[in-house]
Each structure stands twice: as C-alpha cells, then as structure tokens.
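Chemist: I'd like to ask some things about the structure below.
All of the numbers you see were taken from the coordinates with simple rules; none came from a lab. Only a predicted model underlies this, so the values are computations on that prediction, with no experimental measurement involved. As a convention, Cβ positions derive from the backbone with ideal geometry for all residues, glycine included, and neighbour counts pool all protein chains shown.
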Amino acid sequence: MKLIYKSLSYLFKSSTKEECHKILINSNFYYEGLSQNKKETFLVRTLIFRFRTNFDSKPDFILTQKMKTIISSAFAQITFGLNMHTLSKFNHVFVTPSSYAYKHNNVLLDGDVNLRTKRVNMSWPTVKKGFEINDDALNLAIHEFGHCLIFENTARSYLSRIFKESAFEKWKKHAHLKYLKIKNKENVVLRDYAGSNLIELFSVSLETFFEKPHHFYDNEPELFLSMVILLNQDPRNKPNPLELK
Ligand SMILES: [Zn+2]
C-alpha cells in the first residue's frame, strides 16, 4: 500500500474499516477480486468518499451506512487509477427509495446528475441491483458517477483536469467511431443507449468496462484500451487493475 494510504488509513477506526470490508466483500465484485494490498487501498478510498460526500434522502427513507458504502465503492472503483478521491462540484448524493420523476415531467428516472442543483440522484433498488448482478454491464452508480467525472473534468482548468488531455482526446476519437457504429446498427458490445451522445457513451462504456471487460476488449479493443489509458487501470487484471500490461 502506498504511504499516503497507510497514513490515511489511521484516520479511520478499525471497527469502521472492518464494517466497510464486510459490506464490500459481500457486495462489490471488483473489491472481492483485488489482492489484499489493493483491498486496503480501496477500503481507504471508499471511506474517504463516504465521509467527504454529503449523502441525503427524504426523511421517510432511512439511508444506511451500508447504502452509503456501496455507493461510495462505485466511485472508488472508477477512480482507482486516478489521483482523485472525491467530487468537488457534485458532492451531494441524494438517494431515493424508488424511481422518481421531476415536477411537470412524467418520465420516471432511476438516476440523474442535475447540473442546476449539482446533485447526483440515485434510486437505491437500482443501485443495489447494479451490484448484485455484476456481469450484465448495468450499474447505475458507476453510470452516474461517470457523468460526474466528465462534467467535473470539463469544468476544471487545463492544469487540474482529471484526465490527461491526450488520453481524453484519444478516447473521444474512438468513442466517436463507436458512436457512428451504433448509429449504423453495427454495435455488438455497448447497449444502444450509448448512442444518445458521447456523455452517455462514456457512462455506458464504463459499466461495460467493469462488468464485461473481456467481452469489451475482444470486440472493441481500441476503445477498451483507450479507456485503460484514460482511467489508468485495466479491470481484466482483477487482483491488481493498476498493473498495466
Ligand atoms: Zn446517463
């Protein structure tokens, strides 16, 4: 474990880390596959996110530590290879007990990132299902945090961007080619919702990247590898995704 995580680990009580481990080992497939050393780093990163994020729900819905931990683990997962531990603009996560709709709009949603309120909304049953079924390339928490990464990356100044500019440009090039394939109905890997726009394509790619990495690589190697570089991790290497081949 890197020295920084060793030091940060002391900030959390042993009982908190133990509780977090028990939740993750039973609910996060990515965590389960990590080496012991990487599990410890992941645990610290999950707890940093959990403690520094403003979680909230309606008063009649009890938001448990378990729910917060599982949601936080999605963020730790997608940023495991990045020098980023929390969201700064979108650090308010609102969890709902079921699908919801905005006023004056009948469309039911399971999750969205609201650019006006800077709030990330997620329906708990869909978050839970996303982790319970870990090989269908559907994971709501990963999807919504994917949007947050893109929005925060765009809002930051050139020197403090989340993604390296060259890696992001390369990803955009391959993403655009994939977008055209989806439009031409030549898509085999990503669900067609990725064809909505490049922002959705990024989030859908993330879900597939983590839940079907081999299938993704076998069918779209260039797009997959551009994501490996962008996120600085390769989930095909389960014990240590940070070791890039
Ligand atoms: Zn989306």
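Chemist: Could you please rank TYR31, TYR158, placing first whichever residue has the fewest other Cβ atoms within 10 Å of its Cβ?
Modeler: Listing TYR31, TYR158 from fewest to most nearby Cβ atoms yields TYR158, TYR31.
Chemist: At 0.36 nm per residue, and after removing the present C-alpha to C-alpha distance, how many nm does the segment from GLN36 to LEU108 gain when stretched out fully?
Modeler: 21.9 nm
Chemist: Here's another thing I want to ask about it. Run the reach check for LYS13 against aspartates and glutamates, Cα to Cα strictly under 17 Å, same-chain hits fewer than 8 apart removed. What comes back?
Modeler: The qualifying aspartates and glutamates are GLU40.
Chemist: Sticking with this one: Please list, by residue number, everything in the range 219-245 whose backbone N is under 20 Å from a paramagnetic label point 7 Å out along Cα→Cβ of GLU169.
Modeler: What the label zone holds, given the 20 Å backbone N cut-off, is 222-232.
Chemist: Output the relative contact order of the range 163-245, whole-number percent, from Cα pairs under 8 angstrom with separation of 6+ residues.
Modeler: It rounds to 28 percent for the range 163-245.
Chemist: What FRET efficiency comes out for GLU132 versus LEU198 if R0 is 35 angstrom and r is the Cβ-Cβ distance? Round to the nearest 0.05.
Modeler: That gives a FRET efficiency of 0.75.
Chemist: Next question. Straight-line reach from LYS103: which lysines have a Cα under 19 Å away, not including same-chain ones fewer than 8 places off?
Modeler: Correct list for LYS103: LYS58, LYS118.
Chemist: What is the set of long-range amide H partners of SER57 at a cut-off below 5 Å, with H atoms built 1.01 Å from backbone N?
Modeler: VAL95
Chemist: Something else now. For the range 163-245, what number of Lys pairs, 8 or more residues apart or on separate chains, have alpha-carbon atoms under 18 Å from each other?
Modeler: So the count of such lysine pairs works out to 10.
Chemist: Where the eigenvalues come from the Cα gyration tensor of the range 163-245, what are the semi-axes √(5λ) of the equivalent ellipsoid, largest first, in whole Å?
Modeler: Each semi-axis is the square root of five times an eigenvalue, giving 20, 14, 10 Å.
Chemist: Taking the square root of 5 times each eigenvalue of the Cα gyration tensor, what semi-axes in Å does the equivalent ellipsoid of the range 1-135 have, largest first?
Modeler: Square roots of five times the eigenvalues give 28, 16, 13 Å.
Chemist: Just the number: Rg to Rh for the range 153-201, Cα atoms, Kirkwood Rh, two decimals.
Modeler: Ratio value, two decimals: 1.08.
Chemist: Whole-Hz ³J(HN,Hα) for each residue in the range 18-31, computed from phi via Karplus 6.51 cos²θ - 1.76 cosθ + 1.60 with θ = phi - 60°, x for glycine and proline: what do you get?
Modeler: Result, rounded to whole Hz: 5, 4, 5, 4, 4, 5, 5, 5, 9, 9, 10, 4, 5, 4.
Chemist: Using Cα-only point scatterers and the Debye equation, what is log10 of I(q)/I(0) for the chain at each q in 0.11, 0.18 Å⁻¹, rounded to two decimals?
Modeler: Rounded to two decimals, the profile gives -0.56, -1.57.
Chemist: Let me ask another. Using alpha-carbon pairs under 8 Å, 6+ residues apart, how would you state the relative contact order of the range 1-128 in percent?
Modeler: Relative contact order of the range 1-128: 21 percent.
Chemist: Also, quick follow-up: Considering amide H positions built from the backbone, and no H for Pro or chain starts, which residues 5 or more places from LYS212, or on another chain, come under 5 Å of its amide H?
Modeler: Here the answer is none, since no amide H 5 or more places off falls under 5 Å of that of LYS212.
Chemist: Assuming 0.36 nm per residue, please report the length gained on full extension of the stretch ASN219 to LYS245 beyond their Cα-Cα distance.
Modeler: The span from ASN219 to LYS245 would gain 7.5 nm if fully extended.
Chemist: Here is a follow-up. Starting from the 7 Å offset along Cα-to-Cβ, what nm value, one decimal, do you get for the label separation of ASN83 and LEU159?
Modeler: Going from the ASN83 label point to the LEU159 one covers 1.2 nm.
Chemist: If amide hydrogens are placed 1.01 Å from N in the peptide plane, which non-local residues have theirs closer than 5 Å to the one on LEU109?
Modeler: Answer set, sorted by chain and number: TYR100, ALA101.
Chemist: Would you mind ranking PHE151, PHE90 so that the residue whose beta carbon has the fewest other beta carbons within 10 Å leads the list?
Modeler: Lowest count first: PHE151, PHE90.
Chemist: How many angstrom separate the Cα center of the range 31-77 from the Cα center of the range 103-140?
Modeler: Taking the Cα centre of the range 103-140 as reference, the centre of the range 31-77 is 16 Å away.
Chemist: Let me ask something additional. Given the DSSP H assignment, sum -39500 (n - 2.57) over each helix run of at least 4 residues in the chain and divide by its residue total; what's the result at 222 nm in deg cm²/dmol, nearest 500?
Modeler: Per the formula, -17000 deg cm²/dmol.
Chemist: Got a sec to turn the phi values of the range 122-135 into Karplus ³J(HN,Hα) couplings, 6.51 cos²θ - 1.76 cosθ + 1.60 with θ = phi - 60°, whole Hz, x for Gly and Pro?
Modeler: Values per residue, Gly and Pro as x: 9, 8, 4, x, 6, 4, 4, 4, x, 8, 5, 9, 9, 9 Hz.
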